[in-house]
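The values are calculated or read from the model by the stated rules, or taken from the named source; none is laboratory data. These numbers come from a predicted model, not from an experiment. Cβ coordinates were reconstructed from backbone atoms using ideal geometry, including for glycine residues, and neighbour counts include every protein chain displayed. SASA here: full protein model, heavy atoms, side chains in, ligands and nucleic acids out. Shrake-Rupley method; radii C 1.70, N 1.55, O 1.52, S 1.80 Å.
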Amino acid sequence: ELHLEGKVVTFDPVSFQLYGGNYQGMLSADLGGAEPRYGYRSRIAGVNGEKFLAENLGIKELLAGTVSADVTLEGGGSDLDRILNSLKGRGTIRVEKGWIGRLNVMEGLAKTSNLLGEKTLAKVSSEIAKDRTEFSSLTGDIVLAGGRATTDNLKVVSRDLDLAGKGSFTLAGMLDLDMKV
């Protein structure tokens with residue numbers, strides 16, 4: 001539904017199919033100032049994360065799995081880069097049955113354990129090492145500001161290990177996370 005009041009345009013509710021899942025939310029645009037201001041609330045469920053990131057943000061080989069999320073954001077600007085860098089908000093994310101690319105925890109464990117003389121762990125880790133880390137679930141709360149998402153409670157559960165982390169990442173795929181394995 002479209003609502004127009006003064007120079008504020010609101011679409012509420014908005015719902016559609018999205019990469020194998022669904023989207024429900026609200027979008028508003030205040031066109032009364034020098035630059036437009038935006039408000040955004042969304043809930044997604046069952047979305048193919050790998051396809052979404054690759055086709056919309058050009059991020060390939062970083063994350064795959066079935067994504068569910070609740071996010072509330074606000075920001076402003078007249079072009080996409082300014083809007084993305086101005087966004088502030090928070091949300092929760094859950095990704096199931098997926099993988100994290102560019103992060104090979106098992107290979108790192110294999111190298112470390114070999115240095116420490118732990119031959120059994122080195123052998124097992126190197127046999128299952130890949131270019132990515134597969135998981136059964138990835139969860140966390142996020143705060144978005146300045147083009148960076150920050151979390152204090154990232155948790156990844158996989159068959160071989162559990163990770164707990166905090167830190168941040170950008171939409172361009174730059175990670176700055178402290179992880180406990």
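Using a probe of 1.4 angstrom and keeping all protein chains present, the accessible surface of region 64-105 works out to 55 square angstrom per residue.
Here the gap between LYS60 and THR10, fully extended at 0.36 nm per residue and compared with their Cα-Cα distance, gives a gain of 14.7 nm. Paramagnetic label reach from GLU35 (point 7 Å along Cα→Cβ; backbone nitrogen cut-off under 11 Å): within region 63-89, residues 75-87. For region 1-108, averaging the sequence separation of C-alpha pairs within contact (under 8 Å, six or more residues apart) and dividing by the residue count gives a relative contact order of 19 percent. In sequence order, region 57-72 has phi-based couplings of 10, x, 9, 10, 6, 9, 8, 9, x, 8, 9, 10, 7, 10, 9, 10 Hz under the Karplus curve 6.51 cos²θ - 1.76 cosθ + 1.60, θ = phi - 60°, and Gly or Pro positions carry x. Amide H contacts of LEU62 (H built 1.01 Å from N, in plane; Pro and chain starts excluded): GLY101 sit under 5 Å, all sequence-distant by 5 or more or on other chains.
Here the Karplus curve 6.51 cos²θ - 1.76 cosθ + 1.60, taken at θ = phi - 60°, turns the phi angles of region 145-151 into couplings of 6, x, x, 10, 9, 10, 9 Hz, with x standing for Gly and Pro. Remark on GLY147: its backbone amide H falls under 5 Å from those of LEU87, a criterion applied only to residues 5 or more positions apart or on other chains, H modelled at 1.01 Å from N.
Relative contact order of region 1-63: 24 percent, from C-alpha pairs under 8 Å at least 6 residues apart in sequence. Solvent-accessible area of region 27-84 (1.4 angstrom probe, protein heavy atoms only): carbon and sulfur portion equals 52 percent. Cross-link pairs exceeding 27 Å in C-alpha to C-alpha distance, out of LYS60/LYS180; LYS60/LYS155; LYS7/LYS60, comprise LYS7/LYS60. The loop-placed GluC sites (Glu not before Pro) in region 1-99, going by DSSP, that have at most 14 neighbouring Cβ atoms within 10 Å of their Cβ come out as GLU1.
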